[in-house]
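Report on one structure; see the data block that follows.
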Amino acid sequence: MSLLVPALAAVFLGEIGGPLSKLSWRCPAILLIGAVVCVAGIAGFGLAARLTPWARLLLVGLALLAAGFTQVVARDAQPAPPWLAIWRSPAPFTVLALAAYGGSAVAAPLGGLIGVAAATLLAPIVAPHACIVRRIAGVLLLFAGAVAALAGLRLL
């Protein structure tokens with residue numbers, strides 16, 4: 001269960017003010033997000049045995065960099081249909097990478113679902129300052145991703 005908190009934090013920072021946080025309380029969206037995150041966790045668990053520890057850490061770094069880049073360059077878009085919003089989201093790739101890193105098919109998807117739920121609950125509070133909050137979250141993710149990627153490349 002040590003992946004629960006990192007997955008929660010990474011997905012929360014990647015989703016705050018994002019497309020999933022705007023439509024997660026609709027019933028089909030909840031089911032779709034749950035299914036995609038669970039499939040990503042199972043795929044990451046299957047990928048864990050095929051990667052070396054350094055490659056797993058590099059995968060986590062790339063996932064965090066992608067989530068941070070998404071937050072930094074994102075602009076506020078109109079709410080999209082759920083099937084389109086899930087493809088704009090960094091949550092599945094982040095959950096896949098963390099599940100591959102930790103080798104757990106339960107903790108990473110559970111943390112990802114809690115992270116999306118937390119971002120959804122805070123969406124009305126963050127809405128007036130969404131641009132600033134997304135940039136700060138993106139910078140934090142970029143920093144964590146750069147550290148993880150450089151450690152995965154054995155440069156740190």
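List of remarks:
- Each peptide among 9-19, 102-112, 31-41, 49-59 gets the average number of other Cβ atoms lying within 10 Å of its residues, and from highest to lowest they stand as 9-19, 102-112, 31-41, 49-59.
- Highest-fluctuation residue, Ala146, Ala127, Ala137 considered, GNM on the chain with Cα pairs under 10 Å: Ala127
- Radius of gyration, Dmax [the chain; alpha carbons; angstrom]: 14.5, 45
- The ratio of the alpha-carbon radius of gyration of segment 100-156 to the globular-protein estimate 2.2 N^0.38 Å is 1.45.
- Computed over protein heavy atoms with a 1.4 Å probe, the carbon and sulfur contribution to the accessible area of the chain reaches 78%.
- For Leu13, net neighbour charge (Lys/Arg +1, Asp/Glu -1) across residues whose Cβ lies under 14 Å away: +1
- Here the Karplus curve 6.51 cos²θ - 1.76 cosθ + 1.60, taken at θ = phi - 60°, turns the phi angles of segment 124-131 into couplings of x, 6, 7, 3, x, 10, 4, 5 Hz, with x standing for Gly and Pro.
- Summarising the label geometry, the points placed 7 Å from Cα in the beta-carbon direction at Val106 and Val72 lie 3.7 nm from one another.
The values are calculated or read from the model by the stated rules, or taken from the named source; none is laboratory data. Remember, predicted model here, so these are calculated numbers, not experimental data. Positions of Cβ are backbone-derived with ideal geometry, glycine not excepted, and every protein chain shown enters the neighbour counts. Areas reflect the complete protein model, heavy atoms only, side chains present, ligands, DNA and RNA absent. Shrake-Rupley method; radii C 1.70, N 1.55, O 1.52, S 1.80 Å.
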